[in-house]
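The values are calculated or read from the model by the stated rules, or taken from the named source; none is laboratory data. Since the structure is predicted, the reported quantities are computational estimates derived from the model, not experimental observations. Quick reminder, even Gly has a Cβ in these numbers, built from the backbone with ideal geometry, and neighbours come from all protein chains shown.
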Amino acid sequence: MKKKPTPPEKKELAYDKDHRTQTGECDRAMRRLWGKRKARLNRKYRRKTDQALRKAISPDRIDAVLAGDDGTTRELIRKGLTREKNSLKWGVGTLRDSFEAKLESRTTPKETKRQRNERLARRYIEGIIAFELGPDGAQAAMLIDAIRGGHASLWDFLRDHPGWQERLSAKIKQLQTAEQRQSEKARLKAEQKWKWRSPKLRVPPGS
């Protein structure tokens, strides 16, 4: 017969079996807000898709499709199907790791405001440098998340360091220009494709 574990043994098993998802929030806030944020992003996505679909099925768009030119409709649908992401999850750890980190934070001395500003300044500088090298890295993703979240510490850092603000603004403007060029190139390519597929151009001249 299998021995029934005692309460201390159950607690030890729970320390290694139970897990906590790390998002930079306390457990109760994460459980309460994660679903709300996800529902809000999904609702925004559905509204954007519905608006794009309504524009795509308007009478003038239908006439363009019948004429063989639906590049604008494809562009509207592509823009409408862009789904935003929820906040980043930093990882999953055991309950033991969470408790040990909490105990360590209680025993370590609290950092001063000056030390906190220096730590955040180093992190933001590393994020801006990583963002300049490539916007797909982990540090660049954290910086983008801070920009979208409107973190007050980031804006305070940029206000106190105008040089880094200029570098960040220049990189964002460069990416926006490249995205606009890519979108315009795709639009022209789609228009040219549907133009040559038009039935009028397939009829031999003089027939």
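Hey, any hits in region 19-27 for a residue that's exposed (fewer than 13 other Cβ atoms within 10 Å of the Cβ), in the same structural domain as residue 89 (by TED's automatic domain parsing), acidic (Asp, Glu) and modelled with pLDDT under 85? Among the residues of region 19-27, at least one is exposed (fewer than 13 other Cβ atoms within 10 Å of the Cβ), in the same structural domain as residue 89 (by TED's automatic domain parsing), acidic (Asp, Glu) and modelled with pLDDT under 85, which makes the answer yes. Search region 102-161 for residues being small (Gly, Ala, Ser) and crowded, with 16+ Cβ neighbours inside 10 Å, and hand back the single one that is farthest from residue 174 (Cα to Cα). Looking at the filtered set, the residue picked out is 121. Could you grab me the full set of residues in region 118-174 that are closer than 24 Å to residue 89 by Cβ and of a type in the set (Phe, Trp, Tyr)? Within region 118-174, 124, 131 meet the criteria.
Beta carbons closer than 7 Å, at least 6 apart along the sequence or on distinct chains, pair a first residue in region 169-180 that is in contact (Cβ under 8 Å) with a residue 24 or more places away in the chain with a second that is among the hydrophobic types (A, V, I, L, M, F, W, C) and in a helix (DSSP H, G or I) for 171/131. Taking the criterion of being surrounded by 12 or more Cβ atoms within 10 Å (Cβ to Cβ) and among the small types (Gly, Ala, Ser), the residues of region 84-101 that qualify are 87, 93, 98, 101.
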